[in-house]
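> I have a structure I would like to understand better, so I am pasting it below and will then ask my questions one at a time.
We did not get these values from a lab; they are worked out from the coordinates using the rules stated. On a predicted model such as this, the values are computed, not experimentally measured, just so you know. All Cβ positions, even for glycine, are placed from backbone atoms using ideal geometry, and neighbour counts span all protein chains on display.
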Amino acid sequence: YLSAVLKQHGHSVRLVDRFVQRNEWVGPNEEFDFVGVYASSPFFEDCLEVLRLLEARGYQGPIAFGGPHPSVFPRTVPPRVDYIINDLVQGVHPRGKILRTPRVDDLDALPRADFRLFMEPARKYDVGFGFSNAKPVFNLCTSRSCPYQCSFCGVRDIWGRLYRAQSAERIFDDISYRKREFGCAGVYFREDLFTADHKRVRALSELLIKDGTNIEWACETRVDAGADEELVKLMARSGCRGFYIGAE
């Protein structure tokens, strides 16, 4: 989504994915005006390594850290980082700041996620999932935060208390696009609680059935979602093959 928004505003984007290719780095002749680093706690040491690599090549431009770790632990981020934020390129804020920006309320207004960024060049992604043999499977995140307050979970510290979600129509449109453009055979909804809004899930399931989309999908949910037997049966008819359930 960040890449799609940046490209809408005329920027060029280059992805370095050190999650899947541990030592991936940029070429010696590549130059950048802005560097953004996604920082999760398990990979935070590698984020610090990225800073060292940038320093070694003499990069003097602005650097931003975003993602769950700096959102929850901003004081652990080194002073070399100019911004702690989820998205910042236009230079409208002074450097050296922790910025808290307004949430995006209308997720339908976001452009399509820039999946081509992950495909060019090709990387060693696992494009399947454990719920079926469907390939390729695309991960989607169609909501932000969660309306519940489970003691084991820190999602509200990252996303805030306001739950927001894309409409069933927007999700269906994105799935149809991925099937046309990339041969999508499955979708894994990797958000904190895909079934938070049963009406939305029901509407999406009905759209998938009516259109004969013929994809298989799975989602993250709560164990009590299974209490709505009618909804679970509808989800299964639309292609749902698995639940990833939190340890409530």
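> If N is the number of residues in segment 102-248, what value comes out of its Cα radius of gyration divided by 2.2 N^0.38 Å?
Values: Rg = 15.2 Å, N = 147, 2.2 N^0.38 = 14.7 Å.
Cα Rg divided by the expected 2.2 N^0.38 Å: 1.04.
> Enumerate the whole-percent occupancy of each 10 Å bin, from 0 to the last occupied one, for all C-alpha pair distances of segment 7-68.
18, 57, 25, 1
> I need the per residue convex hull volume for segment 170-213, using only the alpha carbons, in cubic angstrom as a whole number.
Numbers: hull volume 3.2 nm³, N = 44.
So the per-residue hull volume is 72 Å³.
> Here are some pairs, LYS124/LYS210; LYS179/LYS233; LYS135/LYS210; which of them have Cα atoms lying more than 29 Å apart in this structure? It would help to have the intermediate numbers written out before the result.
Values: LYS124/LYS210 35 Å; LYS179/LYS233 24 Å; LYS135/LYS210 22 Å.
Checking Cα-Cα distances, LYS124/LYS210 exceed 29 Å.
> Ok, one more. State, to one decimal in nm², a quarter of the convex hull surface area for the C-alpha atoms of segment 163-240, i.e. the direction-averaged projected area.
Details: hull surface 19.2 nm².
Mean projected area of the Cα convex hull: 4.8 nm².
> Principal axes first, then extents: for the Cα atoms of segment 115-180, list largest minus smallest coordinate on each axis, whole Å, largest first.
Projected onto the principal axes, the Cα atoms of segment 115-180 cover 37, 27, 26 Å.
> Count neighbours as other Cβ atoms within 10 Å of each site's Cβ, and list the trypsin sites (Lys or Arg not before Pro) in segment 170-243 that are DSSP loop with at most 16 such neighbours. Write down the numbers at each step before the final one.
Details: sites: ARG170, ARG178, LYS179, ARG180, ARG190, LYS199, ARG200, ARG202, LYS210, ARG222, LYS233, ARG237, ARG241; in loops: ARG190, ARG222.
Loop-located and lightly packed - ARG190.
> Take every Cα pair under 8 Å in segment 127-227 that's 6+ residues apart, average their separations, divide by the length, and report that relative contact order as a whole percent.
Details: 139 pairs, mean separation 32.0, N = 101.
Worked out over segment 127-227, it gives 32 percent.
> In a Gaussian network model over the chain where Cα atoms closer than 10 Å are linked, find which of PRO68, PRO147, PRO102 has the largest mean-square fluctuation.
PRO102
> Connecting C-alpha atoms closer than 10 Å in a GNM of the chain, tell me which of GLY186, GLY128, GLY226 has the biggest fluctuation.
GLY226
> For ASN139, list long-range residues whose amide hydrogen, built 1.01 Å from N in the peptide plane, is under 5 Å from its own amide hydrogen.
Distant-sequence amide H within range of ASN139: TYR188.
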